[in-house]
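Worksheet for the structure shown next.
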Amino acid sequence: MTEEIRGLRMAAELAAVSARTAPKSKGEDFIKVTIVEGDGLRRFADAMVEYGEKTGRRGFDRDGGNVRDSGAMLLIGLKDATPCGLNCGACGVPTCDELKPKELDEFKGPQCAWRQQDLGIAVGSAVKTLGIHNIDNRIMYRAGVVARKYGFCDWDMVMGIPLSVTGKSIYFDRKT
């Protein structure tokens, strides 16, 4: 194992810790985190390209190529998040009792806006840690779609963060 790969793995683990320990609404934790690497990462990249081709949706192939060229990927998501009980309406329904997430095309929703904010804070905490350690990364909504559709996780809402250690970030100056 090269020093870059060892460093990338350590940074991925630290980023996972950052996501896990990020602040959560009411101190209730519905955040899930896992690291995908090796053969699993190659299968994931293939699934992204396949999904894009099958659905005719642009960008999944490009992002799948980025995932294939990455050393690892973090998946961070929400699973079985209960509403905060604020009856604030930010989720689109007037009261928390009316919020009934259902399986939609790409994610399960709607979700409590505060729980979605928790997910955003966890993702932000993870990429902050990766940035501190100079690990190139990019937050990918499309990776979350494929994670659910191809059974890489059973979470309700997911974001993927592929990681790379190269002389220049592979996630920018991408061809469309």
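Some observations on this one:
- A crude spin-label estimate for the pair Ile121 and Tyr150, with each label 7 Å from Cα along the Cβ direction, gives 3.2 nm.
- Neighbour counting of Cβ atoms within 10 Å sorts the residues Val17, Val49, fewest neighbours leading, into Val17, Val49.
- Protection-proxy order for peptides 51-62, 152-163, 122-133, each taking the mean of Cβ atoms within 10 Å per residue, highest first: 152-163, 122-133, 51-62
- Only Lys, Arg, Asp and Glu carry charge here, each on its Cβ (+1 for the first two, -1 for the last two); on that basis the chain has a dipole of about 240 debye about its Cα centre.
- In order along the stretch 9-15, the phi-based Karplus estimate (6.51 cos²θ - 1.76 cosθ + 1.60, θ = phi - 60°) of 3J(HN,Hα) comes to 4, 4, 5, 4, 5, 5, 5 Hz; Gly and Pro are listed as x.
- Distance (nanometres) between label positions extended 7 Å along Cα→Cβ at Met10 and Glu106: 3.6
- The mean of 1/r over all pairs of different alpha-carbon atoms in the stretch 6-117, once inverted, gives a Kirkwood hydrodynamic radius of 16.3 Å.
- Helical contribution to [θ] at 222 nm, DSSP H n ≥ 4, -39,500 (n - 2.57), averaged over the chain, rounded to 500: -14000 deg cm²/dmol
- Sequence of Leu86, Leu74 once ranked by neighbouring C-beta atoms within 10 Å, starting from the fewest: Leu86, Leu74
- Summarised as an ellipsoid, the stretch 72-168 has semi-axes of 29, 16, 8 Å, derived from the eigenvalues of the Cα gyration tensor scaled by 5 and square-rooted, with the largest first.
- FRET efficiency estimate (nearest 0.05) - Cβ-Cβ, Arg62 to Lys168, R0 22 angstrom: 0.85
- Cross-link pairs exceeding 21 Å between alpha carbons, from the set Lys54/Lys102; Lys128/Lys168; Lys32/Lys168; Lys79/Lys108; Lys102/Lys149; Lys102/Lys128: Lys54/Lys102; Lys32/Lys168; Lys102/Lys128.
- Computed from the Cβ-Cβ distance with R0 of 35 Å, the FRET efficiency linking Val93 to Thr34 stands at 0.70.
The numbers here are math on the coordinates, done by the rules we state, and not lab data. Since the model is a prediction, treat every value here as computed from it, not as a measurement. Glycine gets a Cβ as well: all are built from the backbone with ideal geometry, and neighbour counts include every protein chain shown.
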